[in-house]
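Everything below concerns the one structure shown next.
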Amino acid sequence: GDAIGSLIALGLSLDALDKNVTLCNESPIPAVYRFLPSVGRVRRRLPPEAAYDVVVVLDCGDLQRVGRSVSIITRAQVLINIDHHTTNSYFGDFQLIDTSACATAEIVYRLIRKMALPIDREIATSLYTGIFTDTGSFRFSNTNQAAFAICAEMIGRGADPYQIAQ
């Protein structure tokens, strides 16, 4: 939920900047997350000839975990690594790693805020889902004050906690 929610939230935010965004996750989207907005945009494979100026890898502690797309991703001019895992190998040209964050979605939220981008219902739903799932429905030890504050704000922006919990 964190990887997919973060992917969609950041992708939709970059859309607002008129960027040409490709969303990719090699694993199939589990049925439980198919309610997420724009989930149909997530590709499982990148074309072998694909070329990207910038690639952002989210919620992935090691570059090899991206799967078969690693050779395409590493051809990008700039590779950005955003994650919260203590095991992150600090790959890429730029790293935004915060091991105190409850989820990568928390880091993505802060990035969206820093860029002064709007957070609509779709982005709010995606961010809430990322935090909700990575904190084990707010039960795990990584549940922090930011998790509750961000999720409260996301509810105010249209995220439906009942729908997400279901």
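The values are calculated or read from the model by the stated rules, or taken from the named source; none is laboratory data. Everything numeric in this text was worked out from a predicted model, so none of it was measured. So basically every Cβ, Gly included, is an ideal-geometry build from the backbone, and we count neighbours across all protein chains shown. Please note that ligands, DNA and RNA were not included when accessible areas were found on the heavy atoms of the full protein model with its side chains. Shrake-Rupley method; radii C 1.70, N 1.55, O 1.52, S 1.80 Å.
Here are the numbers for this structure:
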| item | result |
| --- | --- |
| Scan of the range 60-77 for residues that are under 16 Å from residue 7 (Cα atoms) and open to solvent by 30 Å² or more (accessible area, probe 1.4 Å), ordered by number | 65 |
| Near pairs, Cβ below 9 angstrom, 6+ apart or cross-chain, from the range 78-92 (more than 20 Å from residue 10 (Cα to Cα) and open to solvent by 20 Å² or more (accessible area, probe 1.4 Å)) to any residue that is of a type in the set (D, E, K, R) and outside any strand (DSSP E or B) | 87/62; 89/62 |
| Where residue 118 falls short, out of the listed (1) free of Cβ contacts under 8 Å to residues at least 60 places away in the same chain; (2) out of contact with any strand residue (DSSP E or B) (no Cβ under 8 Å at 6 or more places or on another chain); (3) open to solvent by 40 Å² or more (accessible area, probe 1.4 Å) | (1) |
| Complete set of residues in the range 151-166 that are of a type in the set (A, V, I, L, M) and open to solvent by 50 Å² or more (accessible area, probe 1.4 Å) | 152, 155, 165 |
| Pair list, Cβ < 7 Å and 6+ apart or interchain, from the range 139-155 residues that are touching a residue at least 24 places away in the same chain (Cβ under 8 Å) to residues that are among the hydrophobic types (A, V, I, L, M, F, W, C) and part of a loop (DSSP other than H, G, I, E, B) | 142/102; 143/102; 144/102; 146/102; 147/102; 147/138 |
